[in-house]
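Report on the structure given below.
The values are calculated or read from the model by the stated rules, or taken from the named source; none is laboratory data. Model, not experiment: these values are computed from the prediction. Surface accessibility is based on the protein's heavy atoms, side chains included, excluding ligands, DNA and RNA. Shrake-Rupley method; radii C 1.70, N 1.55, O 1.52, S 1.80 Å.
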Amino acid sequence: MSSLVKEDLEKKLFKPLRQNLYEFIEIEFSVQDRYYLCVSVTKSEEVKIIMVKHYRIGLDEKYEVKKKWSLNDLQKIDGKEADTDNPFFDLHFKKVYCLEAYSCASKYAFARTVNKLNHAYLKKDLQIVNFDSTYINDDSIWSSNNKDCLVLMRICFYAFNLVCLSLCPLPL
């Protein structure tokens, strides 16, 4: 489903704007409409963060840009709490935008993409706080292109360790 939405977003919104869509996540913004937070790169290699409203008129899917920011203006991404599995995060521009991703995994996917594009295009000191850095940095052994499985894999690893420790008592 998400690959169809991405393809539709690219065709109807980003290609006409002459931008390449790198990542999009669904965000909880309104009960009635769907909203996406997108990360794209323009032809002039400027990284953009765009909030898009998705709605239908009859059988036709429509996309409307609601907010647009430059990555250069982003000061900080605050994941709220690194120790808990929650979808809330803040984007700090001149104003702070409090957002809720569809899932914790999509929040991390967004932060990873922004971090990666920042290193590729801007190389500025972008603060990414209150995220588990293991899941954000590409140099981590847990880094993967299969972004949605990343958190689940780490949880399974910890659960396996806990089971092993509970079955094998430590010698005194």
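If amide hydrogens are placed 1.01 Å from N in the peptide plane, which non-local residues have theirs closer than 5 Å to the one on LYS80?
Amide H neighbours of LYS80, under 5 Å, 5+ apart: ASP90.
Calculate I(q)/I(0) for the chain by the Debye formula, one identical point scatterer on each C-alpha and no solvent, and give its log10 at q = 0.09, 0.13, 0.17 Å⁻¹ to two decimals.
-0.35, -0.68, -1.09
Please find, in a Gaussian network model of the chain (springs between Cα atoms separated by less than 10 Å), the residue of LYS43, LYS67, LYS95 whose mean-square fluctuation is greatest.
LYS95
Per residue of the chain, what 222 nm ellipticity follows from adding -39500 (n - 2.57) for every DSSP H run with n ≥ 4, rounded to the nearest 500?
On the way: 4 runs with 44 residues, N = 172.
Dividing the helical sum by the residues of the chain leaves -7500 deg cm²/dmol.
Got a number for the accessible area of THR42? Probe 1.4 Å, square angstrom, nearest 10.
Here the residue's solvent-accessible area equals roughly 30 Å².
Give me the percent of accessible area attributable to carbon and sulfur for segment 19-150, probe 1.4 angstrom.
44
At 1.4 Å probe size, with every protein chain present, just tell me what the per residue accessible area of the chain comes to in Å². Don't skip to the end; give the middle numbers.
Values: 10600 Å² over 172 residues.
Solvent-accessible surface per residue comes out at 62 Å².
Quote the accessible area belonging to GLU81 in square angstrom, nearest 10, computed with a 1.4 Å probe and with ligands, DNA and RNA left uncounted.
Looks like 100 Å² after rounding.
Hey, if we sort TYR102, TYR22 by accessible area with the 1.4 Å probe, largest down, what's the order? Don't jump to the answer; show the numbers that get you there.
On the way: TYR102 150, TYR22 95 Å².
In descending accessible area the options line up as TYR102, TYR22.
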